[in-house]
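Sharing a structure below in structure tokens format, with a few things to ask.
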Amino acid sequence: MRTVLDRRIDRDTHTDALSRDRAVAAYLGLAIGDALGATVEFMTPREIQDHYGTHHAIIGGGWLRLPKGRVTDDTEMSLALGRAILDRGELDAPTIAQAFSDWMRGKPVDIGHTVRRGISLYRRTGVTEVPEHEYDAGNGACMRCLPIALYTLGAEPEAVDRANRLQAHITHHNTLSDLGTLTVIRLTQTALLGGTRQDLRQLAESLVATEPRFAFDGGRRQDSPGGYIVETLRAVFQALFATESFESALIDVVNRGGDADTTGAILGMIAGALYGFDAIPRRWLKALDRDTARLCRRQALDLLSLSADRKQIVDVGL
């Protein structure tokens, strides 16, 4: 006779397998969205239509003249953040800031002004939190937040919020940016645990109720989104909730142009977590840079494992 404990073990095992599949899909989705969107970054929807019809292939190029399958700072900073968490075994602002500094020293193909300024402050002073600034509501902290979502999976909401701000404020210190980034983390975590598209929509609507500037439904289509977190998430939410698959959601958002590598990366992580690995088109997986794909897979599983270890320690009261 099966006991309640037996059924709980079965359920937990299923949840763990589901989370691992979706964690890998989220990290690969981030990189795929980045690589797909980089080709059309800073283009308008009309320019994309004129050049590509509907842009749907990972082909490189764009203003950065990237090789096919290459990613940009969105994925590279995520991997730097994830590596810092794994190397330390916990969240540590100086370790993360140093990882970002090491990344910048490698002369990345692209880097945002606000990110560069924050890293430069750390190099000069050792400070790991930039001053709060009303004009720093960019998407640079949001684009790299997936390692936080994975590491804090199952943590109390206050702990997730603290972790979000710790990594974000190394380069971006703004209430609006914090709020938008935390919502992306919550959407991703909800999807990782088996949440539905409707569950995610409710979280997005809660953000709008708190801060109406993020309103995405019933208004004008957000085309050519810039680096402003509000424009970024309007485009992401519109594409996510107007479609019903990983592929259609990514194609929708990158064909809006603007900061397309970042909208692609953010939507890719959420949609990957929502739809799972099998939903990712194989042509995109094959086109993605092989080393990048390997690192994304490895970090997804390692961060999830570290999260489970952290939760187990909390559960037994150590």
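Each value in this text was obtained by applying a stated rule to the coordinates, not by laboratory testing. Because the structure is a prediction, the values reported are computed rather than measured. Methodologically, a virtual Cβ is constructed for each residue, glycine included, from the backbone with ideal geometry; neighbour enumeration extends over all protein chains shown.
Please name whichever of Gln98, Asn164, Leu153 sits farthest to the positive end of the charge dipole of segment 92-166, dipole taken about the Cα centre and charges placed at Cβ: Lys and Arg +1, Asp and Glu -1.
Result: Gln98, furthest along the dipole toward the positive end.
So for the pair Arg213, Asp87, with labels modelled 7 Å out along Cα→Cβ, what separation do we get in nm?
3.4 nm
How do Ser245, Ser19 line up, fewest other C-beta atoms within 10 Å first?
Neighbour counts put them in this order, fewest first: Ser245, Ser19.
In vacuum, with every alpha carbon of the chain counted as one equal point scatterer, what does the Debye formula give for log10 I(q)/I(0) at q = 0.12, 0.15, 0.16 Å⁻¹? Two decimals, please.
Here the Debye-derived log intensity ratios amount to -0.74, -1.18, -1.36.
Can you give the Rg/Rh ratio of segment 130-278, where Rg is from the C-alpha atoms and Rh is the Kirkwood radius? Mind showing how you got there, number by number?
Numbers: Rg = 14.0 Å, Rh = 15.0 Å.
Here the Rg-to-Rh quotient is 0.93.
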